[in-house]
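Following: one structure in structure tokens, then a few remarks.
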Amino acid sequence: MAPKYYSEKRFYNFREIINYSAVRFAKKTAFQVKIAEGKYKNITYAELKDLYYGLCTKLIKMGMLGKRIAVSGANSFEWALSYLCAATVGVVVPIDKELQAEDVNDFLNAADCVAVCTDNAKIAALKGVVSREIEYISFDNVESMARESCNPALVDDIEIGKDEMRILIFTSGTTGNSKGVCLSQNNLCSNIYSTVQMVKVKESDKTLSILPLHHTYECTLDFVLFLTRGASICYCDGLTKVQKNLNEYSPSILVVVPALLKVLNKRIKRQSRRTAPQNTRNILRTNPLHRL
């Protein structure tokens, strides 16, 4: 049987995605953000556009047009917004949040970054090792900065070349020293276009972002792709909280790797044996992941 292909719109940069989705999915929830246990705020696609243009405007006014801006931290809306804006205004440099401050400093120097968007704890650690002048942008302030001023024309005037480097990532160094990898926004958009032709993601879908966003796999397929579909994104509180968050958010899609599925499989089997009636245990034991 021949595979089914879907006819979908193709994008070439993040700004196109933001503008398109703000019109087509204006009132739909782009991000469901936890503000306290049991309390959430929803950021619509129309609001996302305003915040995107606002933070881009702020970064331009701070003199970061064409500059390299690092983003490091746990998966969050603030990470996502910082990434989109940094890649629009200049070049975004995603950095593993698990790295020690000394290692982060090495990457900041290698990439010639003028700023880093991260959490307060990382900022405090970096200030102890970074000797050169650099701008620190706290995730706590990102949203308020985005609301300070907004000049859409200033942002729309930025030319984003199809093959222009806008993302600079570093390999993990598993087989040697870390290496810089240069990507354009169109590189990610091309992967998204190929994926949505074969995988149907609907407006009604919701994902729980679990894998680290500084990895291009997670960033492309579990973040930017969802923004093209009008779907919703929420964030895992950590690997030990996956089961709790699955119950909390009820995602319809998970983007994961086999190792994580194996862990979930074991946990679900263990839980099913504890709680399921005797006559249903055999069914759950055969394929407990079929509902995820």
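All of the numbers you see were taken from the coordinates with simple rules; none came from a lab. Note that the coordinates shown come from a computational prediction; the quantities given were computed from them, not determined experimentally. Positions of Cβ are generated from backbone atoms using ideal geometry, with glycine treated the same way; all protein chains shown enter the neighbour counts.
Of note:
- Ranked list, fewest to most other Cβ atoms within 10 Å of each Cβ, for Ile18, Ile167: Ile167, Ile18
- Anisotropy class of the stretch 38-106 from Cα gyration tensor, a/c 1.5 cut: oblate
- Gaussian network model of the chain, Cα within-10 Å springs - most flexible of Val199, Val130, Val142: Val199
- Candidate values [x] 43; [y] 34; [z] 49, label of the one derived for percent of Cα pairs over 27 Å apart: [x]
- 9 Å beta-carbon shell around Phe25, net charge (K/R +1, D/E -1): +3
- Amide proton proximity set for Val71, modelled H, under 5 Å, gap of 5+: Val93, Ile95, Cys117
- Helical contribution to [θ] at 222 nm, DSSP H n ≥ 4, -39,500 (n - 2.57), averaged over the chain, rounded to 500: -13000 deg cm²/dmol
- Cα-based helix-to-principal-axis angle, 185-196 vs the chain, degrees rounded to 10: 20
- Protection proxy ranking of 65-76, 31-42 - average other beta-carbon atoms within 10 Å, highest first: 65-76, 31-42
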